[in-house]
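The block underneath contains the structure these notes are about, expressed in structure tokens.
The values are calculated or read from the model by the stated rules, or taken from the named source; none is laboratory data. What you see is a predicted model, and the numbers here were worked out from it, not measured in a lab. Neighbour counts are summed over all protein chains in view; Cβ atoms, including those assigned to glycine, are modelled from backbone coordinates with ideal geometry.
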Amino acid sequence: MAQLIDGKKISAEIKDELKKQVSELKADGKEITLAVIQVGNDPASSVYVGNKKKACEYIGIKSLAYELPEETTEEKLLSIIEELNNRDDVNGILVQLPLPSHINEDKVIETIDSKKDVDGFNPMSVGALSIGKKGFVSCTPAGIIQLLKRSNIEIEGKECVVVGRSNIVGKPMAMLLLRENGTVTVAHSRTKNLKEVTKRADILVAAVGKPKFITADYVKEGAVVIDVGIHRNENNKLCGDVDFESVEPKASAITPVPGGVGPMTIAMLMYNCVNGCQGE
């Protein structure tokens, strides 16, 4: 039986640690504020935004909500971001993606001050990560590193394969595993003999965006399998990029969906808000 890596439990531990830090900061007269901007009312985005607000409330940080109509212009959105960039009482700015098609996401991400970029998407944050400088790190990959460390899974010297090369998960994940002294391969839709590549992995991170794509024949016996995907199957049940039933007996440790990587993303967003404010 594989060790089940419990993201709910680990994210709760992180949030409790942050709650303590926040109360100490408040005792020193420091208040932390996160501004969350949502354009339109995409149902999945609304759920995420609601969860972020709850997490802020739990750890004791203030959240400002900007819920803008779908037809908000790019110019209007950028002016709100600029105003928040200039406010000393706002420590973190987050624009919920995806944005409506008439707004240029790259332009929006680039407008957020890198010192307030708690999502870690700004090119300055990405550049800092790639050269090993301090800066905000994209929340999902940072959460995966915490899952591994807090489950006592050694990364150093291990063969790590990341399937997927997105800017939000795949690329920063590879850089963070490198930072922990893993030997890293990034595989993607053009990779030849994908099964041979993934079967080398001691740690396999599936961020491919296809339901149950990674089956047992992609996985080495005893590998650690991290599933970043979240989908609904034909019965409307949540599932990941990994076919859990076939892979679990082969793995030494595995994240479930739901309850694995998902809860960590918000925990690490809160971590970025609190630690960014302390200049860490």
Subject >> Of the criteria (1) in contact with a helix residue (DSSP H, G or I) (Cβ under 7 Å, 6 or more places away or on another chain); (2) crowded, with 16+ Cβ neighbours inside 10 Å, which one Lys195 fails >> reply: (2)
Subject >> All positions within segment 244-260 that are surrounded by fewer than 19 Cβ atoms within 10 Å (Cβ to Cβ) and under 13 Å from Phe213 (Cβ atoms) >> reply: Ser246
Original post:
Is segment 93-116 home to any residue that is hydroxyl-bearing (Ser, Thr, Tyr) and within 18 Å of the chain's Cα centre (by Cα)?
Top reply: yes
Original post:
What are the residues in segment 1-42 that are outside any helix (DSSP H, G or I) and surrounded by fewer than 17 Cβ atoms within 10 Å (Cβ to Cβ), if any?
Top reply: Met1, Gln3, Leu4, Asp28, Gly29, Lys30, Glu31, Asn41
Subject >> So Ala223, is it closer than 15 Å to Gly170 by Cα and touching a strand residue (DSSP E or B) at 6+ places or on another chain (Cβ under 7 Å) >> reply: no
**OP:** Can you confirm whether segment 124-132 contains a residue that is part of a loop (DSSP other than H, G, I, E, B), at pLDDT 95 or above and not β-branched (Val, Ile, Thr)?
**Re:** no
Subject >> segment 89-121, residues that are more than 23 Å from Pro43 (Cβ to Cβ), surrounded by fewer than 20 Cβ atoms within 10 Å (Cβ to Cβ) and among the small types (Gly, Ala, Ser) >> reply: Ser114
Original post:
Going by the conditions given, is Lys149 assigned by TED's automatic domain parsing to the domain that holds Lys62, part of a helix (DSSP H, G or I) and surrounded by fewer than 16 Cβ atoms within 10 Å (Cβ to Cβ)?
Top reply: no
Subject >> Test for Gly120: is it more than 17 Å from Tyr66 (Cα to Cα) and over 14 Å from the mean Cα position of the chain (by Cα) >> reply: no
